[in-house]
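FYI, it's all coordinate maths here, none of it is from the lab. Treat the numbers as computed from the prediction; the structure is a model and nothing was measured. Here Cβ is always computed from backbone atoms with ideal geometry, including for glycine, and neighbour counts include all displayed protein chains.
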């Protein structure tokens, strides 16, 4: 059973085939709510595609997964509503020309417009501003980012941030919507050993608060639920089934994807993730009053993030999966 906040993540024989072959396949996973899940594997082994599939941004080709009470691939839209993306290069990159305050304001505005219930718009403007400021401060605190330590505080441009600061900012924006699943890609990219230790400590603290964390990395920490992609060995030895180690050791699952096939699917995965997020947001445009309210909240944003998820999803299969299907088809034509 799910915790009040985090989402359980389960998968059985989960696989995705792109235009040029399998990105990953044979994935099995069973992680409790509030788990720290590390997707470990070499670059090009289908890690990004797996992350996007488990967060409802890509349609799997075989098997199934359950995120909370939502079954994939049927409930992709419902999964997207409860799963937020942290840094995923090529999918939701930060705008390098914006300041940190502007990036946070944009994130709060989008969350209010697409994630909050309609009734929140009926609240007085001052109340909405106060709620937005409190929500942003809470997200920054959870992400461990203190604006006062930046060279120009909130006026520091995103391009001037260090890699670790950029990761923390992306995590803070993702946490604005109080997601039940937080997913991050290439977590240890361009980080020193000390910075890797810091970012894993950050993710442990988020998981300890109840949010399930799914992080793609090159080397997983010992205390994570480890899911490895790519072939298990280069000598052609048969792959082992998932097994549970002795008490205190993490569960390790091997996927069946090959490196060559996964590289073929990785770019398609990033395109699908971007297109799926655009699909969620294309029908609505923020109004002028909303933008003014967001900007008035101490330079950081406006809105009310108190919205809750509706567990009853009336989306059809075609509506849930069209964005990912179109992205895969487009990648194939390219």
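Ranked for footprinting exposure by Cβ neighbours inside 10 Å, fewest first, 70, 5 give 5, 70. Counting neighbouring beta carbons within 10 Å and listing from fewest to most, the residues 76, 58 come out as 76, 58.
Using only Cα atoms, what is the ratio of the radius of gyration of the range 1-106 to 2.2 N^0.38 Å? The partial results should precede the final answer.
Working: Rg = 15.1 Å, N = 106, 2.2 N^0.38 = 12.9 Å.
Ratio of Cα Rg to 2.2 N^0.38 Å: 1.17.
Once you reduce the range 29-94 and the range 160-200 to the center of their Cα atoms, the two points are 17 Å from each other.
In what order do 182, 175, 94 fall by count of nearby beta-carbon atoms within 10 Å, going from fewest to most?
On the way: 182 23, 175 26, 94 18.
Taking fewest neighbouring Cβ atoms as first place, the list is 94, 182, 175.
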